[in-house]
Amino acid sequence: MLTGNRLGAAEREVRVAEIEDLSPRLRRLRLLPCDRAPMAASPGSHLLVRVPGTGRAAAYSLIGDPETMAGYEIVVRRSERPDGVSHRLHGLAVGARLSVSPPRNFFAPAAGARRHLLLSAGIGLTPFLAYARAFPPQVDWHLVQIVRPEERAAFARLTAPFDPARITLLDGRAALCWPDWLDQPLDTHLSACGPAAFLETVCGEAAKAGWVPARVHVERFTAAEGQAFEVRLARSGGRLSVCAGQSLLEALESAGVSVAYLCRGGVCGACRVGVLAGRPEHRDRVLDAEERAGGKVMLACVSRARDDALTLDL
Ligand code: FES
């Protein structure tokens, strides 16, 4: 299991081989392993990327062709936080060196599905670029991508390699007519990736339209949306603040508190921590209904506080 700020013994050093600035806040990076060892990743995989000197890691979906793997390709949106990983990645030049985890996959395309409806908002597009490259010709798929008008050109560039008949770019979520898009053949699987509010809307609209949960698959691409809150660490007596735009896991790491993690996306369960006081706002896909209702545990990589403060069993 990986802990704290380390990506683990299996991490490898990579160098930045190519940079493309797609927009003022979106940057595509191609990373090549320094050891030239073979690379492999299935569609939907992500890497944890650590920037030397920060001790911080962030998860990025791989967008390249899993077959050819001409480097690990990722797209990084520069966040508002000037001390975050994304800012550091936007400041790098070709030749810079980074550490990455092995690729991990918690969001593979639904096996055996003959039709896929892919819904993404913003940088939630990234896992679907790998899906689109990997789908065999007999699989029917369509991607609906929500973009900010000022970033339409960047997303058009990312989706340019694919059949334009399979791609719909919409300016803003309001442009998405849910009943039309959710009226699909019965054997269709719906996969969605994007910010929390978008995914909540997807799941709500899909349920209204009669989609069974087994055919709806979601991945959250950022854990840091939400209000700031305070954390008290009961065992160590420490206190820390989780800023808006920062996850609880990131805040713990910044304070030197070691917490295990694997996915940093609320799907593996590795970062489970006990809650002694306060109400967690659960955003993971791991805890069962009883654990959610009980409020005694939470997953630090994605979940936050409903109120101003939490006390953790740390
Ligand atoms: S690290 Fe996987 S659920 Fe938090």
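The values are calculated or read from the model by the stated rules, or taken from the named source; none is laboratory data. All values reported here derive from a predicted model rather than from experimental measurement. We place every Cβ from the backbone using ideal geometry, glycine too, and count neighbours over all the protein chains shown.
Here are some residues: R133, R78, R88, R56. Which one is of a type in the set (K, R), within 16 Å of the ligand (Cβ to nearest atom) and either crowded, with 16+ Cβ neighbours inside 10 Å or not assigned by TED's automatic domain parsing to the domain that holds A260 (or both)? Give the derivation first.
Numbers: R133 fails: within 16 Å of the ligand (Cβ to nearest atom); R78 fails: within 16 Å of the ligand (Cβ to nearest atom); R88 fails: within 16 Å of the ligand (Cβ to nearest atom).
On inspection, the qualifying residue turns out to be R56.
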Task: Members of the range 177-190 that are within 22 Å of the chain's Cα centre (by Cα) and either aliphatic (A, V, I, L, M) or at pLDDT below 95 (or both) - done: L190
Task: For S241: the one exception among (1) in contact (Cβ under 8 Å) with a residue 60 or more places away in the chain; (2) closer than 20 Å to S79 by Cβ - done: (1)
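Checking the structure you have, find out if any residue of the range 260-274 is outside the structural domain of R50 (by TED's automatic domain parsing), modelled with pLDDT of 90 or more and more than 26 Å from A10 (Cβ to Cβ).
Quick first cut of the range 260-274, residues outside the structural domain of R50 (by TED's automatic domain parsing) only: 260-274.
Within this subset, residues satisfying the condition of being modelled with pLDDT of 90 or more are 260, 269-274.
Those left that are additionally more than 26 Å from A10 (Cβ to Cβ): 274.
The answer is yes, given that some residue of the range 260-274 is outside the structural domain of R50 (by TED's automatic domain parsing), modelled with pLDDT of 90 or more and more than 26 Å from A10 (Cβ to Cβ).
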- [ ] For the range 145-166, enumerate the residues that are crowded, with 16+ Cβ neighbours inside 10 Å and either within 21 Å of the chain's Cα centre (by Cα) or not hydrophobic (A, V, I, L, M, F, W, C) (or both).
- [x] Q145, I146, V147, E151, A154, F155, L158, T159
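Given the range 56-154, what strands (runs of 3 or more DSSP E) lie entirely inside it while holding 2 or more residues that are touching a residue at least 40 places away in the same chain (Cβ under 8 Å) and of a type in the set (D, E, K, R)? Working first, answer last.
Working: elements: 57-61, 72-77, 97-100, 115-121, 140-147.
Correct list: 72-77.
Residues to consider are F128, F106; find the one that is out of contact with any Leu (no Cβ under 8 Å at 6 or more places or on another chain), buried (at least 16 other Cβ atoms within 10 Å of the Cβ) and aromatic (F, W, Y). So that I can check it myself, show each step before the final result.
Numbers: F128 fails: out of contact with any Leu (no Cβ under 8 Å at 6 or more places or on another chain).
Criteria check complete, one pass: F106.
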- [ ] For V257, work out the one condition from (1) more than 30 Å from A108 (Cβ to Cβ); (2) modelled with pLDDT of 95 or more; (3) within 16 Å of the ligand (Cβ to nearest atom) it doesn't fulfil.
- [x] (2)
